[in-house]
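Working notes for the structure below.
The values are calculated or read from the model by the stated rules, or taken from the named source; none is laboratory data. Remember, predicted model here, so these are calculated numbers, not experimental data. So basically every Cβ, Gly included, is an ideal-geometry build from the backbone, and we count neighbours across all protein chains shown. What goes into the accessible areas is simple: the full protein's heavy atoms, side chains included, and nothing from ligands, DNA or RNA. Shrake-Rupley method; radii C 1.70, N 1.55, O 1.52, S 1.80 Å.
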Amino acid sequence: MKSWEENLLSIMDGVHCERLAFNKIESAAQSLGFEHCAYGLRIPLPITSPKTMMLNNYPAEWRERYVREKYLGIDPTVLHGSKNQTPIIWDESVFASARRLWEDAQSFGLRVGWAQSNLNTIGVGGMLTLSRSCGKLTKSELASQEPKWRWLTIISHLCLSRIFVSKLADAQPGLTAREIEVLKWSADGKTSGEISNILAVSEATVNFHIKNAVGKLQTANKTAAVVRAAMLGILS
């Protein structure tokens, strides 16, 4: 008989739609005693203004207020998750610097919560939040259930980051095998001249491939193209 962890892994395997994936995460969260769950994904592109995507089953009015009041920028749990991958439990002290956010959240029944962030190898960060309207998190519940919450966090990030990053990569005009190869050598610090010797082609040909890659990736230069391709997993 499969364990809870193995069953969760199997039902998430092969899911390619973020809404379907989140529905499965939501069901798992409810089976663990939480009414609400939220997943936020931060993709470090563009570098100067990273893109954030959010999925949750919070009340619509709360979602609108959270955006309108720009709470994302001051949310202590998000700030914690951006620097620390240890779990955080909601309480008065956590929200001491954002009292209005905390009071608003409680007015919508978001009073008890647990969150943990996760970071993959290409810098894509995600955070899963599990919450409910009542029922304080006890020591016994944490001891028996937190391993499952942590596992749900890992699976959620693996699945949703894969889906989102894949969609971003698919949205880019396809790079040829040679363009990818040239970008890989560029990522290793090789100059066009060195790459031409390695690949036994002219330097002009190398520069031609670099120019094409820069254009397809919609970047300003070779360095930006290498960074974007790496972040999208194209160079893996």
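Of all residues in the stretch 87-121, those satisfying the criterion of being within 19 Å of Trp149 (Cβ to Cβ) and open to solvent by 70 Å² or more (accessible area, probe 1.4 Å) are Arg111, Leu119. Does Asn84 count as touching a His at 6+ places or on another chain (Cβ under 7 Å) and without any contact (Cβ under 8 Å) to a residue 60 or more places away in the chain? So Asn84 does not fit the description; no. Do we find that Ser27 is among the hydroxyl-bearing types (Ser, Thr, Tyr), open to solvent by 50 Å² or more (accessible area, probe 1.4 Å) and either under 19 Å from the mean Cα position of the chain (by Cα) or modelled with pLDDT of 95 or more (or both) in this structure? Against the criterion (among the hydroxyl-bearing types (Ser, Thr, Tyr), open to solvent by 50 Å² or more (accessible area, probe 1.4 Å) and either under 19 Å from the mean Cα position of the chain (by Cα) or modelled with pLDDT of 95 or more (or both)), Ser27 does not qualify. State whether one or more residues within the stretch 125-134 are among the polar types (S, T, N, Q), modelled with pLDDT of 95 or more, under 14 Å from the mean Cα position of the chain (by Cα) and open to solvent by less than 50 Å² (accessible area, probe 1.4 Å). Yes - at least one qualifying residue is present in the stretch 125-134. Of all the numbered requirements in (1) of a type in the set (D, E, K, R); (2) surrounded by fewer than 16 Cβ atoms within 10 Å (Cβ to Cβ); (3) within 17 Å of the chain's Cα centre (by Cα); (4) modelled with pLDDT under 90, Glu5 misses one, and that requirement is (3).
Scanning the stretch 65-77 for residues that are surrounded by 11 or more Cβ atoms within 10 Å (Cβ to Cβ) and charged (D, E, K, R) turns up Arg65, Glu69, Asp75. Among the criteria (1) under 26 Å from Glu18 (Cβ atoms); (2) surrounded by fewer than 20 Cβ atoms within 10 Å (Cβ to Cβ), the one Leu137 does not fulfil is (1). Considering the stretch 156-231, the qualifying helices (runs of 4 or more DSSP H), each wholly inside and each with 1 or more residues that are modelled with pLDDT of 85 or more, open to solvent by 50 Å² or more (accessible area, probe 1.4 Å) and among the polar types (S, T, N, Q), run over 192-199, 203-216, 222-231.
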